[in-house]
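Here is the structure we will look at.
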Amino acid sequence: MRNLKLLKSLRSSELQGPGSPQYLSVRADTGTLLVLSQYSITEFDPRTGQVVNEASLTADGFLPDDGCGVVVGLQDLAELESACLATAGGDVILFNLNTCQVECVGSVDSGLTSMSWSPDEELVVLTTGQETIIMMTKDFEPIIEFGIHQDDFGEGKFITVGWGKKETQFHGSEGKQAAQRKLQEVQPAAAWDDHRPRVTWRGDGQLFAVSAVCPQTGGRKVRVWNREGVLQATSEPISGLEQALCWKPSGSLIASSQRHPNKHSVVFMEKNGLLHGDFTLPFSKDQAKVKDLLWNSDSTVLAVWLEDMTPGEDGQVNTYVQLWTVGNYHWYLKQSLDFGKDPQKAPVCVGWDPERPLRLHMVTRGWTTITYDWGWNTDRSPGVDDTDNANVAVIDGDKVLMTTFRKCVVPPPMCSFELQLKSPVNQVTFLCRPQKTNQLAALTADRQISVYGKDSREDVDKTADGFRVISRPLVLQKTFRVAALQDDPLVLRQLLWLEDELFVGVSSGLLPTSSTLVMLRPAQDADDTLSVRSEIEVDGVVVSMVQCCQTRTVALQLEDGQIRKLLWDCPEPSVEDWTDSSGCSINFPVACIQTALCSISGEEYLFGLTDRSHLYAGDSELASNVSSFAVCNDFLLITTHSHTCRCLHLSSLSVKGLQVALASDGNQNDETLRRVERGSRIVTVVPQDTRVILQMPRGNLETVHHRALVLAQLRKWLDSLKFREAFECMRKLRINLNLICDHNPKVFLDNIETFITQLNSINDVNLFLTELKEEDTTSTMYPHPESSPIQPQPASGQKKVDVVCDALRGAMESMDPNKFCLSILTAHVKKTVPELEIALQKVHELRENPSEAPGAVSAEEALKYLLFLVNVNDLYEHSLGTYDFDLVLMVAEKSQKDPKEYLPFLNMLKSLEPNYQRYTIDKHLKRYKKALHHLSKCGEQHFPEALQLVKEQKLYSEALRMFSANSSHYKALSCAYAEHLVQQQQAEQAGLLLWRCGEPVSALQAFASSTSWRNAICVAQQIPLPPDQLALLARDLAEKLIEQRRYSEAALLLDQYAKDCEEAILALITGAVWEEALRLIYMHNRQDITETNLKPALLEAVSTQTVFLETQVVTFVRHRTRLAVVREQKEKARLDMLDEDGPDCPDAELYSEASSVMTNSKYSQSNSRISSRSSKNRRKAERKKLSLKEGSPMEDRALMYALGEISTTVDKMREDVHSLLKALVLFEFDKQAEKLQLAYEDALQMMAAAVPEVWPEGLQNNQAPLTGPNSTANSIMASFQQQQKPVVSQQDAEVLTPPKMRNGVKWKLTILK
């Protein structure tokens, strides 16, 4: 849905020469024009107006001096830096563009009728006067010569397998009568046909086609040859085929023209010679003749060069050049250039530029060169409010096809309505004023501006047959004639409609490098004439002009990318430089083919898209893969060559933010990004809406609701409390309805009644309730834009679903409980813990007391609805839990259950005593606590059943609370509970229960088995036990305590209860409780034990401690030395890897301080087999990694872990060493004490001094960035990258943390210093 817009035109009259131009060729490398006349060849630069080279063709006799010579071909040969031309006399001439020498390289006696070079300039095809074709190389060596007219069809001849006759074949839309139709005789060529062959090459140079007049029929026939000169196909007989011939560069079709009995068409043939499509020229049968057809280099535009067949009254003929494009299999006439009847202004040479696909060159008979530069443009209405219909205007000859995308989406070539004009349309523009952007003005080829506006009649909304009109057509309101302009085609370009009767356009300036801005207003003496009120000369060629509807700013772009601002709303219009807020001039780095004005963070910018897909905001490049863009309602929408559509909110981003956003790939929930079909382009965006219209490469349309636009619109509606509009949009576009309450929970809860009133639909309220989730969609699915304030969530401990359900239920109950009955039930059911009992009770109330209000819901309907929400079995069981059998029957009747399943069960329940009935129901529903509660009220006869229930379901604590402490039931429950605790290895608690319920013997057994000796002694004395049994009990308990290394407690039992002081003292000596052992020795006067047991035990303890300390110190020193070696090796290996592979090496971080991969290790640290084990086993497996074996994968970690364990073990010896030192001093073992104290002190000091070395500061938070003279750029970069990845393993944290030494514990004896 794009139009061809004239960007600039360059007209030069500096070129003059004898005769008239005959051929034109464009030099691809320099852009200059080669113009050939019957006298000379000239190289002309239209940009400077200077003749570069010129050579006479008559001086050397190549052409006659009288000007009757005819040239049949001209081609620029870039590789040879020459121009090749052929004359009708048979000469092939080379014109050297460097030396200006003219040389004849060959001659054909019979003369030449045409010359055509292949696109790769390797072959040349010449047609001779004898109607033969000569194919030659680029060095003019003949390859083959053959006749044009051949009887054979060619290698591509169709094969007939002989199935049936023509009369029995399928004839498609022509019908069966096509079988009886006689073949139409081919009419001879038109009288104006020059009967010369036409040659055209396919774009890849593999095939060429020749159109020549057939000697037998007199009509033209097209034949196709390959580059070896082998005939491939011959066209079918085509009556009225004309001389124009041009092969589409993309290779699909060959264009020609055909005159039908009732129309004049451009037809297309395939390479097999069969017709394939056509379009009708906007002329009557014998009005015009097609002089030539020309495809541009990218096959998007077909130029048709025509001329009137019959002269006018003045004997002159009109000349036209039309530009046609195709979309969705429809051909559009985009531009029509009428050159009038002046023969000097009529073009005699027309050609497309080989490098710039949309640049068209012409040379007139009066030697004026004209260069037109075209650009693609989508003409859309510029409105930003909801009154704008999102109009898009498509030019098609003398019609404007209008589509109003706000009302309906109509795929091209159809449209909402057509505007029929009297002349072909060159430009369209919309009025750029708020509320009036639907008005359109069209500039036609006859230099008239037609203004269309809204039809003010009231009866236009319906047609005569009663149908409603969706898009009301615009009506012609006024037609202006543009006066005081030159009588040339497209003299006015870049037309803008600024105000109701104010237009601004661009025309050529006084100099080729300047432009003139023309302000057009109605003349004072004629309202239907637009006269030039002011002219503004611009130093530069204006190629685009755009206006912002909001700020009314008009921006101009020059051909070199410079930006200017037009100050038009003042008495003396002027042009100034475009500047930013600091006053600096802003320009595009290169010229852009599409521009748009918008505001970013309050500052106005001009956006531009280049033909190389670069998007600029002023002089800042935003992206480099953009295929199209549009600005609407503070949103920038772009499509990219990676087949995505981005939508960014301009008011919340800076230019830098836009660059960052467009450079990112977007995350999963990024609302700014969505995928689109390959090659999609933005046609328009509906203002104040969510629709984006995209056009596919083949021409069809797609409407997408971009998530960013949808969410922005939803947030506006929710902020303005338009819940109905938001709900409908969310339901249609499948947006999670939780956003309604998550967007601003406080506002939603405060306006809950407004929400219900606006929805005014029970089904919609139910739909909202059923979609409620605990998830906050504003932080997961639809995060707030960075600029928008995030609404605080309610801080109450309640869950969101419960809060919303309660609020909605309360509001609906206060508004109309009968009307919203089903929604109230839904609110109960949708809570996190469904309130099914309450919902069922409400249904039961409806059944008992049905409402008489209009629209009220019956109990049956409510129950049926509940069954829709809840599983029938769940509802049946919850109804049972209400103990209401009427309700149970009502649910069961609505379910699919068989009455034989539930009626016997219900009858059995009804026959039971109420408490036992409820017990039976609760047990059936597995509500065992409630069942126990009801069973406890059923009397003595049911206690065994209750006890059995308690044991099965382990409800001991609940059961004990239901019976008094002095009852037999309580004692039985306590004994059962105690048995359970003993089985659970909790014998001490079992003993407490048995003791308090009066079972001391059993309690004593429980306490004894759990080694709770104090409780056991108390119970034993309460029983009471005889002294000998008490002593025996004390000895048994003491043995268990000694096994548990509780020597002091064992000694107490032996001394006080077993009355065996010697065993008590020996137990204390064994446990190294020296002071307590001395106390008992002197209390019982057993000093003999001091010599026999105590002193030898002290000396043995000194020896043991000393040897242990020496072992720990030696191991510590060995590990510390090895750790230093391992770290040095690892650092060297890490630096070597970083230098070899760079910072992106995937293994680089394995050599950091926080990791543990040893270079050249033969061990693997893969433990994928244990990934599914329990946490205990995982910890065990992690410890297995810490192997102290040299070269193991994590040897450094293992060494650090071992050093930490040694330090902790030695530090824990402080109390034992202190006690031992005091006992040694008491018995005068000073030397041994001094030796032990010195050894222990040295060990502590050595380990404390090693902490900074083994556990350097900051090790746990990763190593410091590696810098220094030995570092490289790669190693420093990798070090910084590793610093950003913290170690999260708990075991790693323990290993990397130094042990804490208890320096505050006093253990040394001063007397030993």
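The values are calculated or read from the model by the stated rules, or taken from the named source; none is laboratory data. What you see is a predicted model; the values in this text were computed from it and never measured. Virtual Cβ from ideal backbone geometry, glycine too; neighbours counted across all protein chains shown. These area figures cover heavy atoms from the full protein model, side chains too; ligands, DNA and RNA do not enter into them. Shrake-Rupley method; radii C 1.70, N 1.55, O 1.52, S 1.80 Å.
Tabulated values for the structure
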quantity	calculated
Any hit, segment 601-621, residues being among the charged types (D, E, K, R), assigned to a strand (DSSP E or B), in contact with a Lys or Arg (Cβ under 7 Å, 6 or more places away or on another chain) and under 30 Å from residue 517 (Cβ atoms)	no
Filtered residue count, segment 429-451, keeping only those that are open to solvent by less than 10 Å² (accessible area, probe 1.4 Å), in contact with an Asp or Glu (Cβ under 8 Å, 6 or more places away or on another chain) and not polar (S, T, N, Q)	1
Residues satisfying the stated conditions in segment 279-325, i.e. out of contact with any Leu (no Cβ under 8 Å at 6 or more places or on another chain) and open to solvent by 60 Å² or more (accessible area, probe 1.4 Å)	280, 284, 285, 286, 287, 298, 309, 310, 311, 313, 314, 316
Residue within segment 621-632 that is among the small types (Gly, Ala, Ser), surrounded by fewer than 18 Cβ atoms within 10 Å (Cβ to Cβ) and touching an Asp or Glu at 6+ places or on another chain (Cβ under 8 Å) present	no
Helices (runs of 4 or more DSSP H) wholly inside segment 917-976 that include at least 3 residues being open to solvent by less than 40 Å² (accessible area, probe 1.4 Å) and more than 26 Å from residue 991 (Cα to Cα)	928-935
Every pair of residues 6+ apart whose Cβ atoms lie under 7 Å, when the first sits in segment 989-1004 and is within 17 Å of residue 968 (Cα to Cα) while the second is polar (S, T, N, Q) and open to solvent by 60 Å² or more (accessible area, probe 1.4 Å)	1000/1022
Tally, over segment 748-769, of residues that are closer than 14 Å to residue 800 by Cα and either of a type in the set (Val, Ile, Thr) or open to solvent by 10 Å² or more (accessible area, probe 1.4 Å) (or both)	1
Test: residue in segment 350-367 that is among the polar types (S, T, N, Q) and surrounded by fewer than 21 Cβ atoms within 10 Å (Cβ to Cβ)	no
Residue that is most open to solvent (accessible area, probe 1.4 Å), among those in segment 216-228 that are within 53 Å of the chain's Cα centre (by Cα) and not β-branched (Val, Ile, Thr)	228
Hits in segment 368-417 (condition: on the phi > 0 side of the Ramachandran plot and surrounded by fewer than 24 Cβ atoms within 10 Å (Cβ to Cβ))	397
Members of segment 212-230 found to be modelled with pLDDT of 90 or more, small (Gly, Ala, Ser) and over 23 Å from residue 142 (Cβ atoms), listed by number	none
Test: residue in segment 1221-1242 that is modelled with pLDDT under 85 and assigned to a loop (DSSP other than H, G, I, E, B)	no
Residue 593 being open to solvent by less than 20 Å² (accessible area, probe 1.4 Å), within 34 Å of the chain's Cα centre (by Cα), of a type in the set (A, V, I, L, M) and under 26 Å from residue 624 (Cβ atoms)	no
Any pair with Cβ under 6 angstrom, 6 or more apart, that starts in segment 948-972 at a residue that is closer than 15 Å to residue 931 by Cα and ends at one that is open to solvent by 80 Å² or more (accessible area, probe 1.4 Å) and of a type in the set (D, E, K, R)	958/929
Residues satisfying the stated conditions in segment 1053-1077, i.e. assigned to a helix (DSSP H, G or I) and in contact (Cβ under 8 Å) with a residue 60 or more places away in the chain	1074, 1075
Residues being surrounded by fewer than 18 Cβ atoms within 10 Å (Cβ to Cβ), of a type in the set (Val, Ile, Thr) and closer than 24 Å to residue 48 by Cα - total across segment 492-535	2
Residue ID - farthest from the chain's Cα centre (by Cα), chosen from residues in segment 883-904 that are exposed (fewer than 14 other Cβ atoms within 10 Å of the Cβ), over 14 Å from residue 872 (Cβ atoms) and without any contact (Cβ under 8 Å) to a residue 40 or more places away in the chain	904
Matching residues, segment 702-751, being basic (Lys, Arg) and not in a helix (DSSP H, G or I)	722, 734
Number of the exception - residue 813 against (1) more than 24 Å from residue 742 (Cα to Cα); (2) at pLDDT 85 or above; (3) part of a helix (DSSP H, G or I)	(1)
Only one of 655, 683 that is in contact with a Leu (Cβ under 8 Å, 6 or more places away or on another chain) and within 25 Å of residue 381 (Cβ to Cβ)	683
Residue within segment 1017-1039 that is in contact with a Lys or Arg (Cβ under 6 Å, 6 or more places away or on another chain), at pLDDT below 90 and not in a helix (DSSP H, G or I) present	no
First in segment 492-513 and assigned to a loop (DSSP other than H, G, I, E, B), second anywhere and buried (at least 22 other Cβ atoms within 10 Å of the Cβ) and not hydroxyl-bearing (Ser, Thr, Tyr), Cβ under 6 Å, 6 or more apart	492/505
Check on residue 1136, in contact with a Leu (Cβ under 8 Å, 6 or more places away or on another chain) and farther than 30 Å from residue 1245 by Cα	no
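Okay, residues lined up against (1) under 25 Å from residue 758 (Cβ atoms); (2) open to solvent by 40 Å² or more (accessible area, probe 1.4 Å); (3) of a type in the set (Phe, Trp, Tyr); (4) within 23 Å of the chain's Cα centre (by Cα):
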position: 670; (1), (2), (3), (4): no, no, no, yes
position: 673; (1), (2), (3), (4): no, yes, no, yes
position: 681; (1), (2), (3), (4): no, yes, no, yes
position: 685; (1), (2), (3), (4): no, no, no, yes
position: 689; (1), (2), (3), (4): yes, yes, no, yes
position: 699; (1), (2), (3), (4): no, no, no, no
position: 704; (1), (2), (3), (4): no, no, no, yes
position: 713; (1), (2), (3), (4): yes, no, no, yes
position: 721; (1), (2), (3), (4): yes, yes, no, no
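This table checks each residue for (1) surrounded by fewer than 20 Cβ atoms within 10 Å (Cβ to Cβ); (2) small (Gly, Ala, Ser); (3) more than 22 Å from residue 775 (Cα to Cα).
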{"site": "812", "(1), (2), (3)": "no, no, yes"}
{"site": "816", "(1), (2), (3)": "yes, no, yes"}
{"site": "821", "(1), (2), (3)": "no, no, yes"}
{"site": "826", "(1), (2), (3)": "no, no, no"}
{"site": "843", "(1), (2), (3)": "no, no, yes"}
{"site": "851", "(1), (2), (3)": "yes, yes, yes"}
{"site": "856", "(1), (2), (3)": "yes, yes, yes"}
{"site": "861", "(1), (2), (3)": "yes, no, yes"}
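Matching residues to (1) farther than 22 Å from residue 762 by Cα; (2) modelled with pLDDT of 80 or more; (3) not aliphatic (A, V, I, L, M):
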position: 858; (1), (2), (3): no, yes, yes
position: 863; (1), (2), (3): no, yes, no
position: 866; (1), (2), (3): no, yes, no
position: 883; (1), (2), (3): yes, no, yes
position: 891; (1), (2), (3): yes, no, no
position: 910; (1), (2), (3): yes, yes, yes
